[in-house]
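Remarks on the structure that follows.
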Ligand code: PEP
């Protein structure tokens with residue numbers, strides 16, 4: 001049985017002033033019924049990790065380089081994220097795939113780097129609108145799953161996030177049946193490939209989750225939580241999602 005997780009991705013948002021939001025969240029949810037994770041911009045990770053130490057909130061990175069260190073200007077490694085107090089790293093977010101041309105094999109290499117550093121990889125998958133309209137959703141997601149998740153994945157080192165690209169930041173959400181179909185397919189492929197460990201890997205839904213739709217989305221089979229962008233920036237909104245899990 002997979003653990004429940006509410007994960008927030010702040011993307012390129014937030015300064016030191018934003019840390020107060022997280023203190024409010026920690027105070028409001030001292031004993032949440034799920035794990036809570038916030039992935040701030042790299043500039044805030046150390047400070048956020050210090051402020052959340054001793055609370056139920058975990059912290060993480062939004063991306064990492066596959067190497068441990070070296071001449072890679074502007075990049076950070078999984079080991080650096082661990083050093084800054086992070087426990088998780090998001091890899092393969094559709095904005096990284098689109099803006100930086102990241103491929104499934106890049107994402108598999110980054111996932112291996114996350115595991116090397118002893119952290120948990122949150123691996124993102126999802127179809128574009130054109131792919132959905134062409135009836136290719138299941139094939140696209142299955143292909144990303146196969147190419148982005150290395151051998152050795154289990155419930156302790158990997159979280160899968162299904163995020164339809166067209167639902168991210170748009171206010172559009174697939175129907176509950178559409179979410180159920182993709183999550184069921186991901187679960188069955190994880191079980192076929194990883195055996196019992198495939199049952200333990202949380203599968204998050206991401207794409208315009210907010211307090212008003214979280215409850216019904218979390219009622220869908222094999223939805224073990226959410227990866228949240230916009231609604232993770234305010235403690236009140238993210239708290240509403242945490243409360244629904
Ligand atoms: C995301 O960026 O992963 C995301 C799901 O964003 P939003 O919640 O804003 O749609």
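Things to note:
- Restricting segment 163-175 to residues that are touching a helix residue (DSSP H, G or I) at 6+ places or on another chain (Cβ under 8 Å) and surrounded by 15 or more Cβ atoms within 10 Å (Cβ to Cβ) leaves a set whose member that is nearest to residue 7 (Cα to Cα) is 163.
- The residue of segment 129-162 that is nearest to residue 3 (Cα to Cα), among those that are within 16 Å of the ligand (Cβ to nearest atom) and buried (at least 20 other Cβ atoms within 10 Å of the Cβ), is 159.
- Here residue 38 fulfils each of the conditions (1) over 23 Å from residue 168 (Cβ atoms); (2) touching a strand residue (DSSP E or B) at 6+ places or on another chain (Cβ under 6 Å) apart from (1).
- Number of residues in segment 205-216 that are within 11 Å of the ligand (Cβ to nearest atom) and surrounded by fewer than 20 Cβ atoms within 10 Å (Cβ to Cβ) equals 2.
- Taking segment 1-105 as the region of interest, the helices (runs of 4 or more DSSP H) fully inside it that hold 1 or more residues being at pLDDT 95 or above and at negative phi are 45-52, 78-83, 94-100.
- Pair list, Cβ < 8 Å and 6+ apart or interchain, from segment 217-245 residues that are at positive phi and within 13 Å of the ligand (Cβ to nearest atom) to residues that are assigned to a helix (DSSP H, G or I) and modelled with pLDDT of 95 or more: 225/218
- Hey, residue 125 more than 30 Å from residue 51 (Cβ to Cβ), within 16 Å of the ligand (Cβ to nearest atom) and under 15 Å from the mean Cα position of the chain (by Cα) or not: yes
- The lone criterion from (1) within 24 Å of residue 230 (Cα to Cα); (2) within 17 Å of the chain's Cα centre (by Cα); (3) in a helix (DSSP H, G or I) left unmet by residue 132 is number (2).
The values are calculated or read from the model by the stated rules, or taken from the named source; none is laboratory data. Please read all numbers here as calculations on a predicted model, not as lab measurements. No Cβ is skipped: glycine too gets one built from the backbone with ideal geometry, and neighbour counts run over all protein chains shown.
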